[in-house]
Amino acid sequence: MSLTPADTTSAALPPLAPRQAAKPQGASTPGVGTSGSGTVAAPAPGVASVSQLADKLAEYLSPADLKKVKEAYRFSDEMHLGQMRRSGEPYISHPIAVAEICADWKLDAQAIMAALLHDVMEDQDVKKEELIERFGAPVAHLVDGLSKLEKIEFQSQIEAQAENFRKMLLAMASDVRVILIKLADRLHNMRTLDFMTAAKKRRIASETMEVYVPIAHRLGLNNIYHELQDLSFSHLYPMRYRTLAKAVKAARGNRREVVNKIMEAVKSTLSMAELEADVTGREKTLYDIYKKMRNKHLSFSQVLDVYGFRVVVGSFADCYVTLGTLHSLYKPMPGKFKDYIAIRKLNGYQSLHTTVIGPYGTPVEFQIRTQEMHRTAESGVAAHWLYKSGESNPSDLQQRTHAWLQSLLDIQQQTGDSAEFLEHVKVDLFPDSVYVFTPKSKIIALPRGATAIDFAYSIHTGIGDQTVAVKINNETSPLRTELHNGDIVEIITDSSSRPSPTWLSFVRTGKARSAIRHHLRTINLPESIALGQQLLSQALQTLNIDADLPAPLVERLLNESSANSMDELYADIGIGKRMATLVARHIFGLIGGEAASMPVEHNNGSELDPVTICGSEGVSVQLAPCCLPIPGDQIIGQLRRDQGLLVHTSDCSQAKRQRAKEPDRWIAVRWGTELNRRFDCRIKVLINSERGILARVAAEIGESDANIIYVGMDEDKDNVLDQLRFTVQVKDRVHLAALLRNVRRVAGVNRILRERN
């Protein structure tokens, strides 16, 4: 295949269609690198080679596909005519380089064409309809998914960036080739970032580390994952990077003798065991070394496992035989063996990992895998590329990837805005995972720190919404319990149950968080709106502002707060996403005049008319589980982000600690006069251990017109008295006092008290 002579640009190509000259990209002066006639000057050294790309594609594409790729190249070259990169290279060198990376993965012709065309919509205003006409709908859809949004006026750079990510990730959900091309695009941009300003380097490197690195890891693209990490590290912390690179270079010479000795011993031992294996040394990346030094507070000299070894064998069974052989050669370190073959990682990675004590007492890590596992470890989902239906069944990795991409669509349907969508997705991109089992022994992978509620939502949103209890390893456990590898988790549901906003304080996965927030916004929207309106009205009163805002002021407020309506703004206040006092201050500033610059005093809600708690507010108002306030208690309210109003007793120790940290989030609250419900309360009864005592106490509680919803029993440390713990439902403090008096009269009861915190 010959696209054009090697390392040349469109100067040699006939024009495809008359078009306005392309605008220079990033050049310091327009037209840099072009001649007066519009032809492109000789390319700078290092320009991606068209002939090299052609050679790679010829290895696996048919002549018909090669012809289509050639047309895409010619069109892209024409569109980017005269456009230069900051390095002084013709811009076409960038699409060629991106296509080369995709060719290394052996992506299909449509993906290669999209890689060559990926900037023509964004930079040259080529319409999607034109791409459909020239190259077909699949290619046009890929390019559209890769292109940033048209120039819409966003409220902030963060919002615009979040919306671009949202569009890209949703396009990826329908076709994973979008993200593969985007990762190739980002990789080449990171490789050529030296020509940008220092501030732009840091911004792009930070964005890469935050979003693209975990996506590469999630898709199993190990080589790109590590290269993007190191490139980002080099631009975020250039001095640290250079210092560490110098130290590693010096260490190579010092440790060469140890590495060679281990290599020879391993090869000899495996050969004697008649195991055919390819043994290679493996050096930790600079970022991995830096991360270990930072997390464990080590100096470079204390990081002993800078080098490791990879052993690639012929079969699945040989992996375990090799493991035993290595353990006979060197002693394994306890707790340092991981079997990622039996239970593979979420991104499809499979290997046996073991750390042994090598010569001179140095820890040495070995990774043992088959050739197929090695391909997956290096290239992830791109290692098993299947786009032609009917050729074979999707691999397990592709099925896992499809399930994850589908979860992105689920999150999008439940999410209010782009920034929130990106927040949920980032949560799910963390690489560390725990593996737990359903009662039917199905393996579920979750992020480290995930709880029983995360597990429930990972099964199905409906199960998560209706969760009331959980059994972990056949024992009833709190819903906020963190899961660990190997746990067997059973979820107990009730069709009348609904999500609690307090779950947001401990859920870990984006899917669970978005589903809970969706419920709070929709099912309980009227409650949240009413509460938010009340809170804002009271906050405005303290500033002597009429709560009935004029229409022009409302319009300005909505524009500046990125809310679509006042109801949406009220709902955000009601669920704690926005603070009423800060929105009131914003309105105060919008009114203008000298008063706008005056500081507004905050006194923790003492000047606000207290919010009335009726006990029927639903999920927008919650009673704090730490102190379980009941009518008659002195109470105070905490506005928690995304969790509405949380009511504590005024003497709650946890409330006092939180109030000291965030005084602006506390408001005055009071009990209403008509409370037609009962409230949970914890009591502790100290008893003599004798037959029938539990039955007598429970009967007296029932006689006192209280419901028992929990009972537990434990012995005190001196084994003198036993403790009965009850959670009962009472009307108010007067009802509770009568119950305590009645139970205190039961024979065998020594003491009874209300439990706090």
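Kindly report the accessible area of segment 645-716 per residue (heavy atoms of protein chains, probe 1.4 Å, no ligands, DNA or RNA), in Å².
Details: 4170 Å² over 72 residues.
Per-residue accessible area for segment 645-716 comes out at 58 Å².
Count charges around Ser653 for me, please; just the other residues with Cβ under 12 Å from its Cβ, Lys/Arg as +1, Asp/Glu as -1. All intermediate terms of the calculation are to be shown ahead of the outcome.
Working: positive: Lys656, Arg657, Arg659, Arg756; negative: Asp651.
Cβ neighbours under 12 Å give a net charge of +3.
Starting from the Cα gyration tensor of segment 53-157, take the square roots of the eigenvalues, sort them a ≥ b ≥ c, and report rounded, prolate or oblate (rounded when a/c is under 1.5, otherwise prolate if a/b is larger than b/c, else oblate). It would help to have the intermediate numbers written out before the result.
Details: a/c = 1.87, a/b = 1.44, b/c = 1.30.
Prolate.
Quick one: Debye curve from the C-alpha atoms of segment 249-294, no solvent, what's log10 I(q)/I(0) at q = 0.17, 0.18, 0.22, 0.27 Å⁻¹?
So the normalised log intensities work out to -0.65, -0.69, -0.84, -0.98.
Peptides 86-92, 116-122, 189-195, 209-215: what's the order by average Cβ count within 10 Å, highest mean first? Kindly include the intermediate steps, with their values, before the conclusion.
On the way: 86-92: 21.9, 116-122: 23.4, 189-195: 15.7, 209-215: 20.0.
For the peptides 86-92, 116-122, 189-195, 209-215, the packing ranking is 116-122, 86-92, 209-215, 189-195.
Any of Lys200/Lys291; Lys68/Lys128; Lys182/Lys442 with alpha carbons more than 25 Å apart? Name them for me. Write down the numbers at each step before the final one.
Values: Lys200/Lys291 23 Å; Lys68/Lys128 18 Å; Lys182/Lys442 33 Å.
Going by Cα-Cα distance, Lys182/Lys442 fall outside the 25 Å limit.
Keeping all protein chains in place, calculate the accessible area per residue for segment 488-576 (probe 1.4 angstrom), answer in Å².
Values: 3880 Å² over 89 residues.
That works out to 44 Å² per residue.
Based on the Cβ-Cβ distance of Lys246 and Lys331, what FRET efficiency does E = 1/(1 + (r/R0)^6) give at R0 = 51 Å, to the nearest 0.05? Each step should come with its number before you reach the end.
On the way: r = 33 Å, r/R0 = 0.66.
So the FRET efficiency works out to roughly 0.95.
Counting heavy atoms of the protein chains only and a 1.4 Å probe, report the per residue accessible area for segment 315-372 as a whole number of Å². Each step should come with its number before you reach the end.
Numbers: 2650 Å² over 58 residues.
The answer is 46 Å² per residue.
As a quick test, which of the pairs Lys284/Lys338; Lys292/Lys511; Lys246/Lys331; Lys292/Lys336 have an alpha carbon distance above 20 angstrom in this structure? List each step's numbers first, then the result.
Values: Lys284/Lys338 18 Å; Lys292/Lys511 30 Å; Lys246/Lys331 32 Å; Lys292/Lys336 16 Å.
Listed pairs above 20 Å: Lys292/Lys511; Lys246/Lys331.
Can you give the net charge of the other residues whose Cβ lies under 12 Å from the Cβ of Lys201, counting K and R as +1 and D and E as -1? Intermediate values should be presented prior to the final figure.
Working: positive: Arg86, Lys200, Arg202, Arg203; negative: Asp194, Glu207.
That works out to +2.
Specify whether the C-alpha gyration tensor of segment 209-327 places it in the rounded, prolate or oblate class, a ≥ b ≥ c being the square roots of the eigenvalues: rounded for a/c under 1.5, otherwise prolate if a/b is larger than b/c and oblate if not.
On the way: a/c = 2.80, a/b = 1.53, b/c = 1.82.
Oblate, since a/c reaches 1.5 and b/c is not below a/b.
On the principal axes of its Cα set, how long, how wide and how thick is segment 439-554? Give whole Å, largest value first.
That gives 61, 28, 23 Å along the principal axes, largest extent first.
The values are calculated or read from the model by the stated rules, or taken from the named source; none is laboratory data. Here the structure is a predicted model, which is why all the values come from computation and not from measurement. Here the Cβ is made from the backbone with ideal geometry for all residues, glycine too, and neighbour counts use every protein chain on show. Keep in mind that these areas ignore ligands, DNA and RNA; they rest on the heavy atoms of the full protein, side chains included. Shrake-Rupley method; radii C 1.70, N 1.55, O 1.52, S 1.80 Å.
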